[in-house]
Structure formats: C-alpha cells, structure tokens
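Here the structure comes first, spelled out in structure tokens, and everything after it is commentary.
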Amino acid sequence: MADHTSAGSERLRERPIGELLKQLSQQTSTLVRQELELAKADMAEKGKKAGVGAGVLGGAVVVGLLALGALTTCIIAALATAMELWLAALIVAVAYAVVGAVLAVMGKQRLKEASPPIPKETQESVKEDVEWAKSRARSART
C-alpha cells in the first residue's frame, strides 16, 4: 500500500504547479456542482413531503369543521327538545359569537403586547454602545 501511495505522490511532484492548480480548480468546481445538485434534490424531496403534509393538514381542518358543524347541529337538536328550534339555534349562535368576541379581544391584546416588532433589549444595548463610543471619543479629545 505504501508503494502505491508513494508512486502517486511521485507522479504529483513531477507535474507542473499550474497543471495541479488547474486540476484542483476543476475538481473543486465539480464537487461544488455535485453538492448543489444533491442539495437541490434533497430540498425537492423535502418540499414534496411538506406539500403532502400540508395537504393532509388541510384535510384535517376540513374534517374538523365538518365535525364542529355536526356538533352544532347536535347541540341545537338537544336544546330544541326543550324550546322552539329557532330559539335553540339563536342560543348556540350567540354562544359562538361570545366565544369569538372573547378570542378576538384576547388576540388583539396579544398583538398589541407584541408590537412594535422591535427588539427592545437590542435597541437599548445599541443606545448604550453609542453612548459609550461618544464618551470614549470625548475622553480621547481631552
């Protein structure tokens, strides 16, 4: 094995540096191209899987909405045994409206807490850095 390695290194030593650099450049180019193609193929495969996953989740949302509709019908039917059908439907609709309003207020409050989307800590840190730089500049002048 050592003879094979030493023979290979002897052949490399005999070749001009320009030729070796050209070969290195070509091999590097080929390697980069192959790596990019591998990454592209990998991303395409992951994209297909993500698309299928998104489709399945979309189907789950549709089925979930159908289940909510069936549950709503069941609640209205149960209430209708004790009152008029229209009143039972109105009660369920008002209950959903109240839940929706509460969720909307909570969501709006959370969004207000999150905005503006400026990193406050970083902003303060940058202000401190500017003040520090100004003080160093002033002390350097005096």
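The values are calculated or read from the model by the stated rules, or taken from the named source; none is laboratory data. Please read these numbers as outputs of a predicted model, since none were measured by experiment. We place every Cβ from the backbone using ideal geometry, glycine too, and count neighbours over all the protein chains shown.
Observations on the structure shown:
- Residue check, L38 modelled with pLDDT of 90 or more, assigned to a helix (DSSP H, G or I) and either of a type in the set (K, R) or surrounded by 10 or more Cβ atoms within 10 Å (Cβ to Cβ) (or both): no
- Residue check: E121 meets all listed conditions (1) modelled with pLDDT under 75; (2) surrounded by 10 or more Cβ atoms within 10 Å (Cβ to Cβ) but one, namely (2).
- Residue check for A89: surrounded by 10 or more Cβ atoms within 10 Å (Cβ to Cβ) and more than 20 Å from the chain's Cα centre (by Cα): yes
- The residue that is farthest from the chain's Cα centre (by Cα), among those in the range 100-118 that are of a type in the set (D, E, K, R) and modelled with pLDDT of 90 or more, is K108.
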